[in-house]
Amino acid sequence: MEYQIKGINLKITKSIIVLIVAVVFLVILSAFLSSQYFLMQNKIKTLENTESAKQFNAKVVNFTKLFITKVLKAQNEVSFEERLTLENAVREIDDKEILTHWEEFVASKTEVDAQQNVKDLLEILLNKISVTGK
């Protein structure tokens, strides 16, 4: 096949047509795969954030259950081992605000202070639990 474009003779063979079609197809395929890659990256990031929030929530809930069982429902004074377990659990959460409220509770001098600090601690624990993600 020969074509005349602005005075230039072009001889187009079947192999050149196939090559042009292949290049166009590869460009389109490359653009599609690139867009899919970026979509998957966003989904992976979302899943990682969700998993991180689930782990954080689990730590907060576990500490809260432990606190209720060992402190609020305690019939006697909390033993050293139980206090150590609580301390380790609250530090494992790795949240500065929760740790601060815990330390305020532990440092309570009077029963009234301790009761207020328990309320504050429980409130912050509940507020930290994320339903939709951290």
Between the modelled labels at Ile17 and Ile124 (7 Å from Cα along Cα→Cβ) the distance in nm is 7.6 nm
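Please go through the residue pairs Lys70/Lys128; Lys45/Lys96; Lys73/Lys119; Lys45/Lys128; Lys65/Lys119; Lys43/Lys128 and name each one whose alpha carbons sit more than 18 Å apart in this structure. If you can, show how the numbers build up before the last one.
Details: Lys70/Lys128 21 Å; Lys45/Lys96 24 Å; Lys73/Lys119 15 Å; Lys45/Lys128 21 Å; Lys65/Lys119 15 Å; Lys43/Lys128 24 Å.
Violating the 18 Å limit, Cα to Cα: Lys70/Lys128; Lys45/Lys96; Lys45/Lys128; Lys43/Lys128.
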Reach of Lys14 by Cα under 25 Å, taken over lysines that are not fewer than 8 positions away in the same chain:
Lys6
Set the Förster radius R0 to 35 Å, insert the Cβ-Cβ distance between Glu97 and Ser35 as r into 1/(1 + (r/R0)^6), and round the FRET efficiency to 0.05.
0.30
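So which GluC sites (Glu not before Pro) in segment 39-134 pass both tests, a DSSP loop state and at most 16 other Cβ atoms within 10 Å of the Cβ? Working shown, then result.
Numbers: sites: Glu48, Glu51, Glu77, Glu81, Glu82, Glu87, Glu92, Glu97, Glu103, Glu104, Glu111, Glu123; in loops: Glu77.
Answer in residue order: Glu77.
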Within a Gaussian network of the chain (alpha carbon springs, distance under 10 Å), most fluctuating of Val23, Val71, Val118
Val23
Pairwise label distance in nanometres, Ala58 with Ala107, each label 7 Å out on the Cα-Cβ vector:
3.3 nm
Which three extents, in whole angstrom, do the alpha-carbon atoms of segment 52-128 cover along their principal axes, largest first?
37, 22, 17
Over all distinct alpha-carbon pairs, what is the Kirkwood Rh of the chain in angstrom?
20.1 Å
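Every read-out reported here was derived from the displayed coordinates using simple, explicitly stated rules and does not represent laboratory data. Remember, predicted model here, so these are calculated numbers, not experimental data. Positions of Cβ are generated from backbone atoms using ideal geometry, with glycine treated the same way; all protein chains shown enter the neighbour counts.
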